[in-house]
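For reference, the structure is listed below as structure tokens.
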Amino acid sequence: MAQPAVQSPKESRVVLSARGLTKTFGAFAAVKDVDLDVRDAQVHALIGPNGAGKTTVFNLLTKFLQPSAGSINLLGTDITRTAPDKVARMGLVRSFQISAVFPHLSVLDNVRTALQRPNNLSTQFWLPVSSLDRLNGRAEELLTAVGLIKERNTIAADLSYGRKRVLEIATTLALDPKVLLLDEPMAGMGQEDIGNVSNIIREVAKERAVLMVEHNLSVVSDICHHVTVLQRGEILAEGDYATVSQDPRVRTAYMGEEEA
Amino acid sequence: MSDAVHTTKQKAELAQSRKTSTSYAVFLLAGFALLLIAPMFFYPIFLMKLLCFALFACAFNLLLGYTGLLSFGHATFFGGAAYFTAHAVKVWGWTPELGVLLGVAGAAVLGLVMGVVAIRRQGIYFAMITLALSQMFFFFCLQSEFTQGEDGIQQVPRGHLFGLIDLSVSTNMYYFVLAVFVIGMVVIWRFINSPFGMILKSIRENEARATSLGYSVARYKLGAFVMSAALAGLAGGLKSLVFQFATLTDVAWQMSGEVILMTLLGGIGTLIGPIFGAGLVVTLQNYLATSDFPVTIITGVVFMVCVLVFRRGIIGEFYASRFGRMLGFEHRH
Ligand SMILES: Nc1ncnc2c1ncn2[C@@H]1O[C@H](COP(=O)(O)OP(=O)(O)O)[C@@H](O)[C@H]1O
Ligand SMILES: [Mg+2]
């Protein structure tokens, strides 16, 4: 596909940016001097071969790892030294490469857990759990939106891998984040869920920024406005999908993988 | 079709959870009834000791079982509160309920201090820091004037509850202890089954995910730590009134070890397991105190056997057993 399926205002503002982002583990530099601009109302793909440093970039941006060098700015605030939970409260919420649900909680409770904080219902140790019932309406709305409502009472551990990832997205959306970081959200999903989640992400990105790691290039070409290619911790190419996929260096890096 | 499957499954789950709560209710009512009439069959002092340690173990389990933190310093809260209560009642002439409340408050403050220092450490480091801090507190108690060093605070008067009910009457004292015990258990139960408790649970399930949802994990853990310390203080303060003394034994590291033992024996992460663990240990100590057997060796052996035979603790095994499952219990681990 030569044109991205979705067009978006090129001039939308930068909500998350990194400059000179670097992370070394001992002598090994997992991420080297990465500059990144994530814009509002856009889906931004971060692609690259395994071990390229994509997850590490996510860990740095969300402050789960402290950068060795460089700076990060979220919505005009420098967050280079901010704690990860604070970053989340500022509106940057991530998912994990390995599905991250609360396995022994029901699907509904997973989403309610996320809703507790914005609704100021997370510190009351004197109230009964039934006080959380007033979150049910919103939680069910979110579950309906992602197509999980039938499984509302299922224990999360009993869901298939793909459905767990869908639950994770619903939980992330519960926080109404300004910027979403999704690490391989479609990995392990069936075709039906891929279509479903693609639509959700497209919908969500109308009023938010999304940065996602994705290996499925047809998904990338379908829903992403901007692509950054990472290789051995460094940015190899950047631009819209059409441009990037024509880049000979990217083609070399992806040799053997899906043809663009 | 899958719809039908789900509704049947959900119905089954609902029925199961009803059965569980019914079984629990029956269990609890029976237990409470037994405790009400127990003084007719056992020495009140033995029962009161048992209740104090049961509460202590449940407070400890709030941290280990429901937060996943192994503290090796809980003697500080138990023994510290014992000193505070004893001092307030004996030296300042406070009524017993106020004395106990002071013990609780003091233990909570100690918990806050220890928690702030230790809470960001994981696993064995957390245990080591709590141990080190509680050893510091031990030496403070050894040196300090108000604890009266090696002697401890002796002959603490039990006083009059609310200035009215004479607690030197042992039946009165027993029902006072029982009431405090029940209040403590209700507090623990509510704490676990609250909005706060839900967040604690999610942290235990997936700490990184809880962080990424914006929860300051350390603060929730600290909250649980302080609550656990305060309840351990409730047990300790009560204990100093029961035995009418507070000594260095209560703040020594062995006391921290003992409560770990009780909790593991009974079953971590079960609400009532630690009660049984405490019952077993206290009963053993009582029997062995009058015999020639060295108490520590016997409890050590019992502990080893229990750990080998009942991996999940006594109550944990019971829940997981066929009979337990028939009654609708299910062990969470
Ligand atoms: N905590 C860590 N310690 C040491 N090396 C790490 C750590 N995390 C990631 N790495 C290394 O950094 C490189 C990039 O990893 P990662 O970011 O997971 O890649 P990707 O997500 O692109 O597949 C890999 O070589 C990996 O082994
Ligand atoms: Mg990765």
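The values are calculated or read from the model by the stated rules, or taken from the named source; none is laboratory data. Remember, predicted model here, so these are calculated numbers, not experimental data. All Cβ positions, glycine included, derive from the backbone under ideal geometry; neighbour counts span all protein chains shown. Calculation scope for accessible area: heavy atoms of the full protein, side chains included, ligands and nucleic acids excluded. Shrake-Rupley method; radii C 1.70, N 1.55, O 1.52, S 1.80 Å.
It is to be established whether one or more residues within the range B:75-98 are touching a Ser or Thr at 6+ places or on another chain (Cβ under 7 Å) and open to solvent by 10 Å² or more (accessible area, probe 1.4 Å).
no
Does the range B:59-67 contain at least one residue that is assigned to a helix (DSSP H, G or I) and surrounded by fewer than 18 Cβ atoms within 10 Å (Cβ to Cβ)?
no
Output the number of residues of the range B:185-202 satisfying the condition of being surrounded by fewer than 23 Cβ atoms within 10 Å (Cβ to Cβ) and within 22 Å of A:Thr172 (Cβ to Cβ).
2
How many residues does the range B:209-230 contain that are open to solvent by 10 Å² or more (accessible area, probe 1.4 Å) and not hydroxyl-bearing (Ser, Thr, Tyr)?
9
What strands (runs of 3 or more DSSP E) lie completely within the range A:5-103 and have 1 or more residues being within 16 Å of ligand 2 (Cβ to nearest atom) and hydrophobic (A, V, I, L, M, F, W, C)?
Hits in the range A:5-103: A:14-25, A:28-39, A:43-47.
Does A:Leu167 qualify as being outside any helix (DSSP H, G or I) and either in the same structural domain as A:Glu214 (by TED's automatic domain parsing) or under 24 Å from the mean Cα position of the chain (by Cα) (or both)?
In short, no.
Looking at the range A:67-105 only, could you name the residues that are under 18 Å from the mean Cα position of the chain (by Cα), polar (S, T, N, Q) and open to solvent by 30 Å² or more (accessible area, probe 1.4 Å)?
A:Asn73, A:Gln97
Exactly one of these conditions fails for A:Val220: (1) over 23 Å from A:Ala18 (Cα atoms); (2) assigned to a helix (DSSP H, G or I). Give me its number.
Failed condition: (1).
Filter the range A:113-123 for residues that are open to solvent by 20 Å² or more (accessible area, probe 1.4 Å) and more than 7 Å from chain B (Cβ to nearest Cβ); which is nearest to ligand 2 (Cβ to nearest atom)?
A:Pro118
Can you find, within the range A:166-197, the residue that is nearest to the other protein chains (Cβ to nearest Cβ) among those that are within 16 Å of ligand 1 (Cβ to nearest atom) and not aliphatic (A, V, I, L, M)?
A:Asp183
When you look at A:Leu132, is it within 9 Å of another protein chain (Cβ to nearest Cβ) and under 20 Å from the mean Cα position of the chain (by Cα), yes or no?
Here the answer is no, as A:Leu132 does not meet what is asked.
Scan the range B:144-189 for residues that are charged (D, E, K, R) and either in contact with a Leu (Cβ under 6 Å, 6 or more places away or on another chain) or within 30 Å of B:Leu29 (Cα to Cα) (or both) and report the count.
2
Going through the range A:31-52 one residue at a time, which ones are within 13 Å of ligand 1 (Cβ to nearest atom) and open to solvent by 10 Å² or more (accessible area, probe 1.4 Å)?
Hits for the range A:31-52 are A:Lys32, A:Pro49, A:Asn50, A:Gly51.
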